[in-house]
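Reviewing the structure listed below.
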Amino acid sequence: MNRVKLQFLASRITSLANTIPKDENRIIFYSTPDVSDNALTLFKYVHNLNKGHELVWLLNNPRKHVVTVLQEKYPEVKTVT
């Protein structure tokens, strides 16, 4: 795609994103295949800040052990599968 088309597409996506309601206190984390890597590091950092954010993990095909450990260590965190 040329630059003009990319800019047009980006502006449409931004416009669409601005129409979706957002919760200022909710932070959603996602990583593949499960809870790992940079998303996990960022999650731990935000959790330790304890600013009252609602922390949510989106999980694809979660392994039961991973979800259990996450919920035991961080019981206030929501998981969505």
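I'd like the full set of residues that are in contact with a Leu (Cβ under 9 Å, 6 or more places away or on another chain) and at pLDDT 90 or above, limited to the stretch 31-56.
Within the stretch 31-56, Phe43, Val46, His47 qualify.
Select from the stretch 9-36 the residues that are in a helix (DSSP H, G or I) and among the polar types (S, T, N, Q) and write down the one among them that is farthest from the chain's Cα centre (by Cα). Even if it seems obvious, please write down each step before you answer.
Initial filter on the stretch 9-36 (in a helix (DSSP H, G or I)): 9-19.
This time we only want the ones that are among the polar types (S, T, N, Q), so: 11, 14-15, 18-19.
On the way: Ser11: 23, Thr14: 18, Ser15: 21, Asn18: 18, Thr19: 19 Å.
Checking each candidate, the answer is Ser11.
Of all residues in the stretch 39-81, which are in contact (Cβ under 8 Å) with a residue 12 or more places away in the chain and among the acidic types (Asp, Glu)?
Passing the criteria: Glu54, Glu76.
Hey, does the stretch 64-72 have a residue that's part of a helix (DSSP H, G or I) and at pLDDT 90 or above?
Within the stretch 64-72, the subset part of a helix (DSSP H, G or I) is 64-72.
So of that shortlist, the ones also at pLDDT 90 or above come out as 72.
For the stretch 64-72, residues part of a helix (DSSP H, G or I) and at pLDDT 90 or above: present.
Only one of Pro62, Pro33, Pro75 is loosely packed, with under 10 Cβ neighbours inside 10 Å and not β-branched (Val, Ile, Thr). Can you tell me which?
Working: Pro62 fails: loosely packed, with under 10 Cβ neighbours inside 10 Å; Pro33 fails: loosely packed, with under 10 Cβ neighbours inside 10 Å.
Every option except Pro75 fails the conditions.
Considering each residue of the stretch 9-30, count those that are surrounded by 11 or more Cβ atoms within 10 Å (Cβ to Cβ) and either over 17 Å from Val77 (Cβ atoms) or modelled with pLDDT under 90 (or both), and give that number.
Kept after step one, since they are surrounded by 11 or more Cβ atoms within 10 Å (Cβ to Cβ), are these residues of the stretch 9-30: 9, 26-30.
Those left that are additionally either over 17 Å from Val77 (Cβ atoms) or modelled with pLDDT under 90 (or both): 9, 30.
The number of residues fulfilling the criteria is 2.
For the stretch 37-59: of the residues being at negative phi and assigned to a loop (DSSP other than H, G, I, E, B), which is surrounded by the most Cβ atoms within 10 Å (Cβ to Cβ)?
For the stretch 37-59, the residue satisfying everything is Leu59.
The values are calculated or read from the model by the stated rules, or taken from the named source; none is laboratory data. Since the structure is predicted, the reported quantities are computational estimates derived from the model, not experimental observations. Here the Cβ is made from the backbone with ideal geometry for all residues, glycine too, and neighbour counts use every protein chain on show.
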